[in-house]
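In what follows, a structure is listed as structure tokens, so that the remarks can point back to it.
The values are calculated or read from the model by the stated rules, or taken from the named source; none is laboratory data. Bear in mind that the values here come from a model prediction, so they are computed numbers and not experimental data. Here Cβ is always computed from backbone atoms with ideal geometry, including for glycine, and neighbour counts include all displayed protein chains.
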Amino acid sequence: MGISDLYMSIGLKRNISHFANMVKVAKSDDKITHDELELLKKIAKAYNISDKKFKKIIKDPERIPTLAYLDCEERIERFYDLLKMVSIDHKPQVKEISVLRRITTGLAFPIHNVDKIVDVAIQIDIANCDMETFKKKILKANQF
């Protein structure tokens, strides 16, 4: 851990963790497509991730741990972004879904609901689903 990591705000740490999770999903099929790379660039820009940090995370996203989120709404928003990455090529791959399940667990969704949440989410046409509708569907799937 570098000295700059000690002073990094929790918000920035969460953004970097989320970005690394997006990269993990993108790389799960052993390649990053043009569309995936464009989405990653857009997210990096929104999160103020430097080019140097961007390249470092693209090279080895596994070095960045998944940070859990205490707020359910924030968890769902991050999950929504991850689902966009899985669905970007309109053909979710088994490896992508496997990585998504692992990350969903790391986001602190209840372990007993992770499979149900992911199964519901991958059935959603994310390109035509706004955040509020998505939240409602995931909250329903997340009920005990």
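Of all the numbered requirements in (1) surrounded by 13 or more Cβ atoms within 10 Å (Cβ to Cβ); (2) closer than 12 Å to Asn142 by Cβ; (3) modelled with pLDDT of 90 or more, Cys72 misses one, and that requirement is (3). Of all positions in segment 99-106, none carries a residue that is in a loop (DSSP other than H, G, I, E, B), within 14 Å of the chain's Cα centre (by Cα) and on the phi < 0 side of the Ramachandran plot. When each of Asp115, Asp89, Asp30 is tested for being of a type in the set (Asp, Glu), closer than 27 Å to Lys136 by Cα, surrounded by fewer than 18 Cβ atoms within 10 Å (Cβ to Cβ) and at pLDDT below 90, the lone residue that passes is Asp89.
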